[in-house]
Amino acid sequence: LVVRGSDALHIYNPIYAAVFNQTWLDAALATLRPYAETFTAWEKSGYTDESRLLQGAALKEAQVWAMGKSLGDRDYQFLRASEDLDRKAMQAELEAQTKANQILTKAKQRAVLTSGIALAVLIASLIGAGIKTGQATRQANTARQEQQTAKQEAEVAKREQETAEQEVQTAQRDQQKAQQAVKAAQQQLALANNRATTANRSVQQANQNREAAQRAADEARTDRQQAEQRVAEANLQLQEADATLLAAGIRLKSVTSNERFLAGRPFDALLEALDAGQQLKQLDQAARNNDGTQARVMAALSQAVYGVNERNTLSGHQASVSSVSFSPDGKTLASASADGTIKLWNLETGQESRSLSGYQDAVLSASFSPDGKMLASASVDGTIKLWNLETGQESRSLSGHQAFVYSVSLSPDGKTLALASDDSTIKLWNLETGQESRSLSG
């Protein structure tokens with residue numbers, strides 16, 4: 001499905017690449033990621049907007065979801081950045097708690113100091129009042145005033161002490177809350193560290209899987225190359241086997257030609273020798289020389305040509321005959337004439353079996369299909385006609401050359417027609433569609 005190129009994997013099948021494109025992938029990932037919306041916004045910010053990162057419960061949910069999954073590099077980068085931001089937040093909370101503890105300690109110290117000062121003032125005032133009692137009456141009012149002042153200061157000190165105690169209680173409650181928050185933060189930090197460890201292991205596993213996949217892809221590529229090489233070797237062996245089989249068939253035809261000649265059938269021997277000569281053209285020079293194939297064919301041809309005598313004279317055309325062609329079974333001869341007709345001759349009887357007409361100009365060439373059921377003909381007017389020999393009717397007419405067509409030939413499978421024209425081109429026609437498939441010129 002995928003191939004490696006330029007340090008990246010690409011979809012090998014163009015249909016899959018068109019359907020499962022980046023838009024489809026983004027939509028599919030959006031339905032899978034619990035943090036798809038914030039992830040997309042973070043990507044659009046150029047990976048700098050920390051407000052789009054996850055914290056608290058959202059981060060925990062994403063970490064749980066990511067466990068055991070093989071995510072992309074951007075996903076792991078997003079989760080690591082979120083974990084870093086969450087750790088920074090917890091660190092800030094710890095620092096705030098530490099500062100609160102320091103404030104609480106200072107408040108306790110201040111409360112104790114205020115209470116001590118108030119008590120000392122009170123004692124000093126009472127002592128001074130007792131001593132001054134023995135003094136003169138004129139100092140009594142002053143002592144009472146000082147006593148009242150001391151009482152007021154004691155009451156103020158008592159209220160300050162109560163306030164300090166309340167502050168201490170509040171600070172203690174805050175301290176308990178902070179300790180609980182610190183404990184919860186430590187638990188979250190431990191959980192985050194565990195998840196980070198799990199994520200790192202997942203990353204390592206993913207990297208190992210990717211390396212294994214790369215090795216497998218390399219091995220598959222090597223296997224494919226070796227398979228292609230074996231296929232090429234097999235094709236070469238098949239071609240050699242085909243050539244060997246064809247050469248054997250040609251030699252068999254040469255032997256058959258010789259047997260028919262010796263059996264007093266020189267004309268049949270000539271047909272076999274001619275067929276062997278046509279097939280000989282399909283072999284390369286090395287195959288022709290193998291086992292004396294070419295020599296045997298040439299000997300059969302020489303024997304048949306020089307040993308055959310004229311058996312029949314076929315006449316019936318009103319003008320010169322420009323081309324003749326034997327049917328595949330050797331029982332019928334087709335002759336093309338300048339009188340615009342094509343005649344079919346029964347070689348066993350020497351009689352005309354059918355006359356095909358429909359041209360306005362001379363017919364230059366005629367050729368049988370491999371199954372002998374169809375005949376193709378070419379004319380000076382540049383048209384080609386296909387004839388159904390079972391009905392004797394024209395089945396199709398082809399045109400396309402700018403000059404007369406002087407030769408026509410059907411392929412061995414009967415699906416392609418080759419035409420040679422005076423316009424210096426050779427055209428190939430697909431007989432199933434009736435359309436020109438290729439034009440050769442040079």
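FRET efficiency for the pair GLN55 and THR433, taken as 1/(1 + (r/R0)^6) with r the Cβ-Cβ distance and R0 = 60 Å, rounds to 0.30. Rounded to the nearest 20 debye, the dipole magnitude of the chain is 2800 debye, with +1 charges on Lys and Arg beta carbons, -1 on Asp and Glu beta carbons, and the Cα centre as origin.
Shape class of segment 249-320 from the Cα gyration tensor (axes a ≥ b ≥ c, square roots of the eigenvalues): oblate, since a/c reaches 1.5 or more and a/b does not exceed b/c. Rounded to the nearest 500, the helix-only mean residue ellipticity at 222 nm of the chain stands at -21000 deg cm²/dmol, with each DSSP H run of n ≥ 4 adding -39,500 (n - 2.57).
Among the GluC sites (Glu not before Pro) in segment 278-353, those located in a DSSP loop and surrounded by at most 13 other Cβ atoms within 10 Å of their own Cβ are GLU310, GLU348.
Report the calculated FRET efficiency for ALA216 and PHE326 (r = Cβ-Cβ distance, R0 = 56 Å), to the nearest 0.05. So, using R0 = 56 Å, E works out to roughly 0.40.
With both labels modelled 7 Å from their Cα along Cα-to-Cβ, the ALA227 to GLU95 distance reads 6.2 nm. Of the trypsin sites (Lys or Arg not before Pro) found in segment 354-442, those in coil by DSSP whose Cβ has at most 15 other Cβ atoms within 10 Å are LYS373, LYS415. Computed from phi, the 3J(HN,Hα) profile of segment 382-392 under the Karplus parametrisation 6.51, -1.76, 1.60 (θ = phi - 60°) reads x, 9, 10, 10, 10, 10, 8, 6, 6, 9, x Hz, with x in place of Gly and Pro. Please compare each pair in LYS60/LYS177; LYS69/LYS183; LYS253/LYS281 to a cut-off of 25 Å on the Cα-Cα distance and tell me which ones are over it. Violating the 25 Å Cα-Cα cut-off are LYS69/LYS183.
With a Förster radius of 41 Å, plug the Cβ-Cβ distance of ASP291 and SER355 into 1/(1 + (r/R0)^6) and report the FRET value to the nearest 0.05.
Calculated value: 0.35.
Once you have a ≥ b ≥ c as the square roots of the Cα gyration tensor eigenvalues for segment 168-240, tell me rounded if a/c is under 1.5, and otherwise prolate or oblate according to whether a/b is larger than b/c. In terms of gyration-tensor shape, prolate.
Each principal axis of the Cα cloud of the chain was evaluated for its coordinate range; sorted largest first, these ranges are 184, 50, 35 Å.
Toward the positive end of the charge dipole of the chain, with +1 on the Cβ of Lys and Arg and -1 on the Cβ of Asp and Glu, the farthest Cα among ALA154, ASN21, THR48 is that of ALA154.
In the chain, Cα pairs under 8 Å separated by at least six residues give a relative contact order of 6 percent. In this structure the amide hydrogen of SER323, modeled in the peptide plane, comes within under 5 Å of the amide hydrogens of ALA336, none closer than 5 places in sequence on its chain.
Full extension of the chain segment joining ILE15 with ASP413 gains 139.9 nm, where the gain is 0.36 nm per residue of separation less the Cα-Cα distance.
Throughout, read-outs are computed from the coordinates displayed, never taken from laboratory work. Just so it is clear, the structure is predicted and the values come from calculations on it, not from any experiment. Please note: Cβ atoms are built from the backbone with ideal geometry, for glycine as well, and neighbour counts cover all protein chains shown.
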